[in-house]
């Protein structure tokens, strides 16, 4: 990727503050919920990249019982300004009553990758 002089003016700290990762799990139930969510986030420019990790397992309490669920984890790379839009969309499509939606702040990153996310989504 070639960076133009204008792009070089974007401060690395601004790119770090602007970039977030959202973690979400969906059930591994062969309904392709994970693909639908990922493709829509990308198509609508709500995320630059969604990494899909199959065959994860979660153990948790739900309704006073220990549950075990085979799941698929989505790692969503996006901008902080799009966080609530991503949450809102996933909540409308997610089969869980309370979906796992966690935001991780970036402390550092490869400058060209952060710039790619910024340019794609802004």
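Could you please let me know if residue 33 is within 23 Å of residue 13 (Cα to Cα), in contact (Cβ under 8 Å) with a residue 12 or more places away in the chain and surrounded by 15 or more Cβ atoms within 10 Å (Cβ to Cβ)?
For residue 33, the condition - within 23 Å of residue 13 (Cα to Cα), in contact (Cβ under 8 Å) with a residue 12 or more places away in the chain and surrounded by 15 or more Cβ atoms within 10 Å (Cβ to Cβ) - is not met.
How many residues are at negative phi and loosely packed, with under 13 Cβ neighbours inside 10 Å when one looks only at the range 57-69?
9
What are the residues in the range 90-108 that are more than 12 Å from residue 24 (Cα to Cα) and surrounded by 16 or more Cβ atoms within 10 Å (Cβ to Cβ), if any?
106
Taking residue 77 as the residue in question, decide whether it is out of contact with any strand residue (DSSP E or B) (no Cβ under 6 Å at 6 or more places or on another chain) and either under 22 Å from residue 114 (Cα atoms) or surrounded by fewer than 18 Cβ atoms within 10 Å (Cβ to Cβ) (or both).
no
Would you say residue 115 is surrounded by 15 or more Cβ atoms within 10 Å (Cβ to Cβ), within 20 Å of residue 29 (Cα to Cα) and touching a helix residue (DSSP H, G or I) at 6+ places or on another chain (Cβ under 8 Å)?
No; evaluated as a whole, the condition is false for this residue.
Each reported figure results from applying straightforward, stated rules to the coordinates on display, with no laboratory input. Computed from a predicted model, the values in this text were never measured in an experiment. Glycine gets a Cβ as well: all are built from the backbone with ideal geometry, and neighbour counts include every protein chain shown.
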